[in-house]
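The values are calculated or read from the model by the stated rules, or taken from the named source; none is laboratory data. Bear in mind the structure is a predicted one, so any value in this text is a computation, not a measurement. When we count neighbours, we look across all protein chains shown, and the Cβ atoms used for this are built from the backbone with ideal geometry, even at glycine.
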Amino acid sequence: MASLSRSLLIAAAVLSVAACNKAGAGASASSSPDNESMGSPTAKVVVNEYASASCPHCARFNNEVLPEFKKKYIDTGKVRYVYHEFLTPPESFAAGGFLIARCAGPGKYFDVLDAIYRQQENIYKSNDLLGGLQRIAASAGMNQKQFTDCVNDDKALNALNARVQKATNDDHIEATPTFIINGTKIEGEQTMAQLDAAVAAASK
């Protein structure tokens, strides 16, 4: 992965994080305007997801569960969904994915993230992580210079590292995906049935 860029390699050096299926400790969610979100700001239930763009468990949740959850709860105003960026191996791929999602422009963050998750397995099989990210960036309207500038933006990478450190230090996040739903922490992939139960409990 050395070819990905000097900036992205900093992510692996600065942050020593867990594999995406490691267990962790309990905590309450922190909030920040730097976190991307969907849904009504006044929703009674807030679902915080801590996830990594490089985590296969997070990809399966995004691909198989989130669309139904979004339709049922987020789009109807019942749930505010907040996505918290985290880094798991390969950290450089996760960092690159988050950076291009933010560089793509207003309203494109979740579309780019969805593309990364849906193409993640094939990108890993190709062993061309940089090329995979470049193709996704191009599909979002970024040219080569914009992509290069984006993944070499030290200020943006430092901000990403700060968000991950905040999740680690304040919310004690050690694994992805982790969910905090109205203060209740749930680790690991969740089925729609499990989320139905969690939202129902949080709504009481």
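Overview of values
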{"read-out": "Lone unmet requirement of (1) modelled with pLDDT under 90; (2) within 16 Å of Pro177 (Cβ to Cβ); (3) more than 15 Å from the chain's Cα centre (by Cα) for Glu64", "value": "(1)"}
{"read-out": "Residues located in the range 151-201, provided they are of a type in the set (D, E, K, R), in contact with a Ser or Thr (Cβ under 8 Å, 6 or more places away or on another chain) and within 15 Å of Val47 (Cα to Cα)", "value": "Asp171, Lys185, Glu187"}
{"read-out": "Hits in the range 62-82 - residues which are closer than 14 Å to Tyr117 by Cα and either in contact (Cβ under 8 Å) with a residue 12 or more places away in the chain or surrounded by fewer than 18 Cβ atoms within 10 Å (Cβ to Cβ) (or both)", "value": "Asn62, Asn63, Glu64, Val65, Pro67"}
{"read-out": "Near pairs, Cβ below 6 angstrom, 6+ apart or cross-chain, from the range 27-56 (modelled with pLDDT under 95) to any residue that is assigned to a strand (DSSP E or B) and among the hydrophobic types (A, V, I, L, M, F, W, C)", "value": "Ala29/Ile180; Asn35/Val82"}
{"read-out": "Residue tally, condition assigned to a strand (DSSP E or B) and under 18 Å from Gly77 (Cα atoms), over the range 181-204", "value": "1"}
{"read-out": "Scan of the range 71-129 for residues that are within 23 Å of Asn48 (Cβ to Cβ), more than 16 Å from the chain's Cα centre (by Cα) and aliphatic (A, V, I, L, M), ordered by number", "value": "Ile74, Val79"}
{"read-out": "Options Ala94, Ala51; residue that is within 23 Å of Gly188 (Cβ to Cβ), in contact with a His (Cβ under 8 Å, 6 or more places away or on another chain) and not hydroxyl-bearing (Ser, Thr, Tyr)", "value": "Ala51"}
{"read-out": "Cβ pairs under 8 Å, 6+ apart, first in the range 152-173 and under 10 Å from Glu85 (Cα atoms), second part of a helix (DSSP H, G or I) and at pLDDT below 95", "value": "Leu160/Ala11; Asn161/Ile10; Asn161/Ala11; Asn161/Val14"}
{"read-out": "Every pair of residues 6+ apart whose Cβ atoms lie under 7 Å, when the first sits in the range 121-135 and is farther than 12 Å from Gly96 by Cβ while the second is not β-branched (Val, Ile, Thr)", "value": "Ser126/Gly132"}
{"read-out": "Check on Ala175, of a type in the set (A, V, I, L, M, F, W, C), touching a strand residue (DSSP E or B) at 6+ places or on another chain (Cβ under 8 Å) and at pLDDT below 95", "value": "yes"}
{"read-out": "Near pairs, Cβ below 9 angstrom, 6+ apart or cross-chain, from the range 103-117 (surrounded by fewer than 20 Cβ atoms within 10 Å (Cβ to Cβ) and at pLDDT below 95) to any residue that is assigned to a loop (DSSP other than H, G, I, E, B) and among the small types (Gly, Ala, Ser)", "value": "Gly105/Ala140; Gly105/Gly141"}
{"read-out": "Members of the range 130-145 found to be at pLDDT 95 or above, hydrophobic (A, V, I, L, M, F, W, C) and either part of a helix (DSSP H, G or I) or surrounded by fewer than 18 Cβ atoms within 10 Å (Cβ to Cβ) (or both), listed by number", "value": "Leu133, Ile136, Ala137, Ala138"}
